[in-house]
Structure formats: structure tokens, C-alpha cells
Amino acid sequence: MREIRPYEHIVQYYETDQMKVAHHSNYIRWFEEARVDAFEQIGLGYKECEEKGVMSPVTSVTAKYKTSALFYDTVVISIKFVKYTGVRLYIEYEVKDKTTGTVRCTGQSEHCFISSTEGKIVSIAKSYPEMDAVIRQYVEDKKDD
């Protein structure tokens, strides 16, 4: 198992307000960018999972804003899979300024897994054991439902 590499994002002009401060809603988007990148890194890219019939919607997301990111800053988003039940996955995020290391935002998201054909919740542990094995390698709390 290799470590998940943090994701980098350059704050774009359209993501800022008149004072060149990144709008708070963008942090949630950056969480998603980092999450999609992380899943690619571990071999479970969203496109491939969806082709297998599995989708992973966000069921909850929170963010705590610490300091402001500004236009053209590079932020580094680290993610950690903190809990996985076979049905739900919980992820933590930390957004830092690349140059100073200052924390800009922290957050969490919760996801379930659903069948893209039926729209029903699916147990990855039971229905997709190969995917389950990969996810479990990266999770701190490995308890089952």
C-alpha cells in the first residue's frame, strides 16, 4: 500500500470575491477534487467504479474555515479515510497553503455506496469484495456494520 499523495489546487480568479478571497463554497469543490484524485491513486477511479455499477454520493459534508485562501495561492488538500463500514465511508480533509503551511480549512464528508442501476444502497463488502479490500487498506477504523 502506498500513501495517498495530497492534491494541489491553484485558486482561480473566478473562485474569489472582489477582495480576491476564495469563496467558502469552493472548499467543498476542492474536497471533491482531492477525493476523486485519491480514488484514482488507489485504483478505484470514479469512472471505473461507475462503469461497474457503483456510485458514491455524498450524504453529509462539513467545513471549518480557519484562514482565507487568496487568488493564485496554491492550496494542498490532504485526505484521510477515517472510517469505513462496508456501506459507508467517512473522509477527513485538511486544506493548507502550499507556501506557508497555514491551515485554511478542515472538513469531513460521509458517503454511502449505491447501485447505479437500482439506486439502492449496496454493501461494497458483500457485493464488491475486491473494491472493499482496497478501501480497507487506507482506512483507520475498519469496523463493519
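Things worth noting here:
- Each Cα pair under 8 Å and six or more residues apart adds its separation to the average, and for the chain the resulting relative contact order is 26 percent.
- For the set R88, R136, the ranking by accessible area, highest first and with no ligand, DNA or RNA atoms included, is R88, R136 under a 1.4 Å probe.
- Restriction of the GluC sites (Glu not before Pro) in the stretch 1-110 to DSSP coil positions whose beta-carbon has at most 16 other beta-carbons within 10 angstrom yields E3.
- Considering only the chain, percent of DSSP beta bridges that pair antiparallel, nearest 5: 95
- Rounded to the nearest 20 debye, the dipole magnitude of the stretch 1-42 is 60 debye, with +1 charges on Lys and Arg beta carbons, -1 on Asp and Glu beta carbons, and the Cα centre as origin.
- Label-reachable residues, the stretch 63-95, where backbone N falls under 17 Å from a point 7 Å from K20's Cα toward its Cβ: 68-75
- Between 0 and 90°, nearest 10: helix 25-41 axis offset from the chain longest Cα axis: 50
- Distance in nm between pseudo-label sites at T102 and I10 (7 Å out along the Cβ direction from Cα): 2.1
- Using heavy atoms of the protein chains and a probe of 1.4 Å, the accessible area assigned to I79 is about 30 Å².
- Other residues with beta-carbon under 11 Å from the beta-carbon of R104 carry, at +1 per Lys or Arg and -1 per Asp or Glu, a net charge of +1.
- When only the Cβ of Lys, Arg, Asp and Glu is charged (+1, +1, -1, -1), the dipole of the chain relative to its Cα centre reaches about 320 debye.
- The length gained by stretching the chain between R29 and S116 to full extension, at 0.36 nm per residue less their Cα-Cα distance, is 29.1 nm.
- Among T99, T85, T16, the largest mean-square fluctuation in a Gaussian network model of the chain, built with springs joining Cα atoms closer than 10 Å, belongs to T99.
- In a simple Cβ point-charge model (Lys, Arg +1; Asp, Glu -1; nothing else charged), the stretch 1-82 has a dipole of about 300 debye relative to its Cα centre.
The values are calculated or read from the model by the stated rules, or taken from the named source; none is laboratory data. Just so it is clear, the model here is predicted, and its values are computed rather than measured. So basically every Cβ, Gly included, is an ideal-geometry build from the backbone, and we count neighbours across all protein chains shown. Surface accessibility is based on the protein's heavy atoms, side chains included, excluding ligands, DNA and RNA. Shrake-Rupley method; radii C 1.70, N 1.55, O 1.52, S 1.80 Å.
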